[in-house]
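The values are calculated or read from the model by the stated rules, or taken from the named source; none is laboratory data. Everything quoted here is computed from the prediction, not taken from an experiment. As a convention, Cβ positions derive from the backbone with ideal geometry for all residues, glycine included, and neighbour counts pool all protein chains shown. These accessible areas exclude ligands, DNA and RNA; they are computed on the full protein's heavy atoms, side chains included. Shrake-Rupley method; radii C 1.70, N 1.55, O 1.52, S 1.80 Å.
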Amino acid sequence: MGLNIDSLHNPVVEKMGSKFRLHGFKYGSIRIRVTKVDWLSRKNGAAHHTQEYPDPELVVRRGQAFTLVLELNRPLEEQETIIFTVQTGPQASEDHHTKAVFQISEPEVGKTWTAVEEAQTENSMTVSITSPPNAVIGRYRMSTRVSSRRKQNERKLGEFVLLFNPWCPEDDVFLDSEEERQEYVLNDSGIIFRGVEKHIRAQGWNYGQFEEDILNICLSILDRSPLHQNDPATDVSRRHDPIYVSRAISAMVNSNDDRGVVQGQWQGKYGSGTSPLHWSGSVTILHKWFKGRFKPVKYGQCWVFAGVLCTVLRCLGIATRVVSNFNSAHDTDRNLSVDKYVDSFGRTLEDLTEDSMWNFHVWNESWFARQDLGPSYNGWQVLDATPQEESEGVFRCGPASVTAIREGDVHLAHDGPFVFAEVNADYVTWLWHEDESWERVYSDTKKIGRCISTKAVGSDSRVDITGLYKYPEGSRKERQVYRKAVRKLFSVGASGRRTWVRRMGGRGLWREDLLEPATKPNITGKFKMLEPPVLGHDLSLALCLTNLTSRPQRVRVNLSGATILYTRRPVAEILHESHSVRLGPAEAKEIPITISYSQYKEDLTEDKKILLAAMCFVTKGEKLLVEKDITLEDFITIKVLGPAVVGMAVMVEVMVVNPLLEKVEDCVLMVEGSGLLHGQLSIDVPSLEPQERALVQFNITPSKSGPRQLQVDLISPHFPDIKGFVIIHVATAK
């Protein structure tokens, strides 16, 4: 590709240090041009921690130098220098910081693009290019021209992708821990915690941010946003800011206001799509959205939205993790109280109850600076793509500073009151009478925001991070923060006015009165499992009542039970009975309860959850509500039968169990895992006799080394999904 200069009148080529310049010869009509560019993808990928992104395009991180080699058709003359132009998005301009023009110069530190010559041979030049640490992220086009007396057209060199850089101290997303960067940016699998507070279960999730086309799809999500469709130039110019980018993606992962990625469904009916519990990762969802011309994928629930959002943000270079909050409040009227209305059997009155407490809710945290709030609020920020409430007219949530939530600074952007309520709201129960009167019933008001959990760095353990969101429940500091949040939310203090809270039935209470607890009865009660609750089996438990006084008491107990969704929305009643109990002084008694499999089998949802309630009416008009959420257990095991090595097949053995007391057919085992399989593997399972155990074997051929997560999902038309996962440590081939 080089020009043979020896045949052109023997010019003198003088080496000046590492540079070559021509003397004694003018090329006249021979215009200099770049004939070839070597993006040095392997070298740059290793330096920028982007080597896992599939070829062909170069992927680098902002605020950090990357190197390329330019081949020229002839050596540069003394007065010539190469000028670079980089630009991103439509209508790129230097005013919007979406275009930069710069030439090879001496190294300098600043907020501009720079190019430094590292080495030069006769017809090639090695150049180091550095973007500013606050550069707009996205796909860039690069072109060059040579400065000389003669006007030249720019020559296109190609495209590259620029990402956020958690390794760069000047970047707003900088994270000062290599272990955390490996976990929250580079780990392509993870764990999402689900279940109930007393029985938390781990579910594997394939984030797959380095899989084929995922980076391109993530950039497309930004381009499909209404923010971009309405004003492309301004939208792209704001993509330097992780606050802006994360908020835009939070809106686009759900489909409520746009043709976003995932459509939510919480009614338990998924006939026209895929059940949220069938998904094992984000890759299939993102591919389906992209290949389906941006038609929302059916269906998702909170952990699906969180899994997809985590994939997109990690892919773009923002450290992100998935967080589960157990007993999560959905406070619709912003009064920091989840108000539940029940009948005399403790059954939720859906028509009256607007607020809700979900068994669990899953959102994300991303790590970046809050230039809009100040350094005190830097660090983890809550983002939630589940479409629950509108934020500035759009279904999205965050970023809300976790520090601001812990300190009760609910007035700060974005969506602080909603997130604060999710972890701090009081749980208040109201007994609704037939004459439409109501009264407060004693129950556990402090059950909101328990066991806030995320995956540990470098292991599959669960880490409780509740202390990041609030001070110890009931402590003096926690009460101070709660009162502070109430003042800010209800504007009590400066005006001296009390806040009137509207209640059902046209009645109302002063906020201060609403916070007063119900009268504590002179008995206690709790449900106790007598045997583990296993899917397909009868449930055996007891209601334990204790008299706290030295006098006998008579208690009337109304028991109810229902299959529920994980949002605690009842599906069907499976238990309805009453008991009368006499308790002697300080006496404890148990009321045995049995729920047969036949009672719940037809109405059990894929969430495998049952809610029991006991409304206890005590002498002298005292009332107590006792509740218990039950998640039915299942069983699956996975074994790898040999060493796992890149490029070599290894057998995996899965033990599946029919949990039912009847024969089942048409079961399918779905298998997925980044770096272990290309796409999903579907295996038909032979018919299973009642409670039969069977072994299913298949081969996988790993394509990437290191710890890799394999997910399996037993799908049956007869019982809810049974999921499992295993971490496989893959060695590099020798």
Run down A644, A613, A562 and say which single residue is open to solvent by less than 20 Å² (accessible area, probe 1.4 Å), within 24 Å of Q265 (Cα to Cα) and touching a strand residue (DSSP E or B) at 6+ places or on another chain (Cβ under 9 Å). A562
Scanning the range 54-64 for residues that are modelled with pLDDT of 95 or more and in a loop (DSSP other than H, G, I, E, B), the one most open to solvent (accessible area, probe 1.4 Å) turns out to be Q64
Confirm whether T85 is buried (at least 16 other Cβ atoms within 10 Å of the Cβ) and hydroxyl-bearing (S, T, Y). yes
Cβ-Cβ under 8 Å, sequence separation 6+ or interchain: first residue in the range 85-113 and closer than 16 Å to G63 by Cα, partner of a type in the set (S, T, Y) and open to solvent by 70 Å² or more (accessible area, probe 1.4 Å). Which pairs? A100/T112; F102/T112
Just checking: which of the strands (runs of 3 or more DSSP E) contained wholly in the range 619-734 hold 1 or more residues that are touching a residue at least 24 places away in the same chain (Cβ under 8 Å) and within 30 Å of V441 (Cα to Cα)? 623-631
Residue check, L714 open to solvent by less than 70 Å² (accessible area, probe 1.4 Å) and either assigned by the TED database to the domain that holds D538 or touching a Ser or Thr at 6+ places or on another chain (Cβ under 9 Å) (or both): no
Those residues that are in contact with a Lys or Arg (Cβ under 6 Å, 6 or more places away or on another chain), more than 30 Å from R224 (Cβ to Cβ) and part of a strand (DSSP E or B), I need them from the range 65-94; list them, please. E71, I83
Would you call I200 at pLDDT 95 or above and either among the hydroxyl-bearing types (S, T, Y) or in contact with a Leu (Cβ under 8 Å, 6 or more places away or on another chain) (or both)? no
Examine the range 350-368 for a residue that is on the phi > 0 side of the Ramachandran plot, surrounded by fewer than 24 Cβ atoms within 10 Å (Cβ to Cβ) and modelled with pLDDT under 95, and state whether such a residue exists. no
Residue selected from the range 132-146 under the condition open to solvent by less than 30 Å² (accessible area, probe 1.4 Å) and polar (S, T, N, Q), by the criterion farthest from D55 (Cα to Cα): T144
Just to be sure, is A586 part of a loop (DSSP other than H, G, I, E, B) and open to solvent by 10 Å² or more (accessible area, probe 1.4 Å)? yes
Please work out if T50 is under 29 Å from P169 (Cβ atoms), open to solvent by less than 30 Å² (accessible area, probe 1.4 Å) and assigned to a loop (DSSP other than H, G, I, E, B). yes
Contact list, first residue from the range 205-221 and in the same structural domain as R314 (by the TED database) and over 19 Å from Q680 (Cα atoms), second anywhere and open to solvent by less than 10 Å² (accessible area, probe 1.4 Å) and of a type in the set (S, T, N, Q), beta-carbon distance below 8 Å, six or more apart or interchain, is L215/Q209; C218/Q209; C218/T311
Breaking point among (1) part of a loop (DSSP other than H, G, I, E, B); (2) more than 22 Å from V555 (Cα to Cα), for Q599: (1)
Quick one: in the range 341-385, which of the residues that are of a type in the set (V, I, T) and in contact (Cβ under 8 Å) with a residue 60 or more places away in the chain is farthest from L575 (Cα to Cα)? V362
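Yes/no matrix, rows are residues, columns are (1) exposed (fewer than 13 other Cβ atoms within 10 Å of the Cβ); (2) under 23 Å from N187 (Cα atoms); (3) touching a Phe, Trp or Tyr at 6+ places or on another chain (Cβ under 9 Å); (4) not assigned by the TED database to the domain that holds K288:
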| site | (1), (2), (3), (4) |
| --- | --- |
| V652 | no, yes, yes, yes |
| S682 | yes, no, no, yes |
| P686 | yes, no, no, yes |
| P690 | yes, no, no, yes |
| R708 | no, yes, no, yes |
